[in-house]
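Presented below is the structure to which this report refers.
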Amino acid sequence: MKVPTFVTHTFRNATAGLFLLFAATMPATNALASLSPGITFTPTLAFNNVESTTLGWVFDLSAPIWVSDLGYYDFSSDPNQPQSIWCCSPDTRTSGGLLDNHIVGIFNGVGTLLTSTTVPSGTAGTLVGNSRYVPIPTIELTPGQYFVEGTQQGSSGISPTDPVGFDFSAFTAMPEISYTHGVYTFGTPDVLTFASSGGYAAYIGPDFLASDEPPTTTPEPRYALVLAAGLAALWLMTKRRRTV
């Protein structure tokens, strides 16, 4: 028995609509173009502390950037490792990664936390330059002032903790970034406490990876295959109808 034409058209249109809806709502991966550290630096002097602190740096942003990873300076993996630690527990390691976990976050100019993650101890974070990074959901930063801050464990003057750089032979920021100053406040271990002022000119421990181009959206592979199969089926249905 021949299927009425209007039934065939209705079925085909409904199927096509379902696949278009599926395509619009399928999970996707946001991919950024070339990534750069917020700050690229070569420290000549490093610093860790007796008490636990939150410390970092402040910058003004002139154009949008998209941040995909947060990180922390890995003293042990720095090929240009500074030979002196100003305070307080010398670290002589040349491997092994981070000694401690570090909560790293980005605050806006009024102290609102925009994003954060934990950069784990050891070598689990991806080493880029002299810092280890952990991916986060991509966040856009628009022009304005921002604080990049991270927790630092207190050493009690006995055991080494991960130092930060605070004097440099080389110091370069992304073109959109104007570095202003360092910030520092005493805090509780493993609690990211907003530091609004104080301290030395720079505490470069926390950092990020970012791109000056927005992410491109690509379907996840398994969903793309399903979509392709559905479109192929629609094409075969249309071809078969034309030949009947």
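Observations on the structure shown:
- Scanning region 39-66 for residues that are touching a Gly at 6+ places or on another chain (Cβ under 8 Å) and over 20 Å from residue 181 (Cβ atoms) returns 50, 51, 52.
- Filter result for residue 194 (in a strand (DSSP E or B), modelled with pLDDT of 75 or more and among the aromatic types (Phe, Trp, Tyr)): no
- Test result for residue 184, over 15 Å from residue 101 (Cβ atoms), in a strand (DSSP E or B) and out of contact with any Pro (no Cβ under 6 Å at 6 or more places or on another chain): yes
- Condition check for residue 127: within 25 Å of residue 191 (Cβ to Cβ) and either modelled with pLDDT of 95 or more or out of contact with any strand residue (DSSP E or B) (no Cβ under 6 Å at 6 or more places or on another chain) (or both): no
- Residue check for residue 169: modelled with pLDDT under 95 and either in a loop (DSSP other than H, G, I, E, B) or touching a helix residue (DSSP H, G or I) at 6+ places or on another chain (Cβ under 9 Å) (or both): no
- Subset of region 44-58 that is buried (at least 19 other Cβ atoms within 10 Å of the Cβ) and touching a Ser or Thr at 6+ places or on another chain (Cβ under 6 Å) - its residue that is modelled with the highest pLDDT: 58
- Flag for residue 191 being in contact (Cβ under 8 Å) with a residue 24 or more places away in the chain, closer than 21 Å to residue 102 by Cβ, surrounded by fewer than 15 Cβ atoms within 10 Å (Cβ to Cβ) and under 20 Å from the mean Cα position of the chain (by Cα): yes
- Test: residue in region 136-156 that is of a type in the set (Asp, Glu), surrounded by fewer than 17 Cβ atoms within 10 Å (Cβ to Cβ), out of contact with any His (no Cβ under 9 Å at 6 or more places or on another chain) and part of a strand (DSSP E or B): yes
- Where a residue in region 53-65 is in contact (Cβ under 8 Å) with a residue 24 or more places away in the chain and its partner, wherever it lies, is of a type in the set (D, E, K, R), with Cβ under 6 Å and at least six apart: 54/149; 56/149; 61/176; 62/176; 63/176; 64/140; 65/176; 65/212
The values are calculated or read from the model by the stated rules, or taken from the named source; none is laboratory data. As the structure is a prediction and not an experimental result, all values here were calculated from the model. Note: ideal-geometry Cβ built from the backbone for every residue, glycine included; neighbour counts use all protein chains shown.
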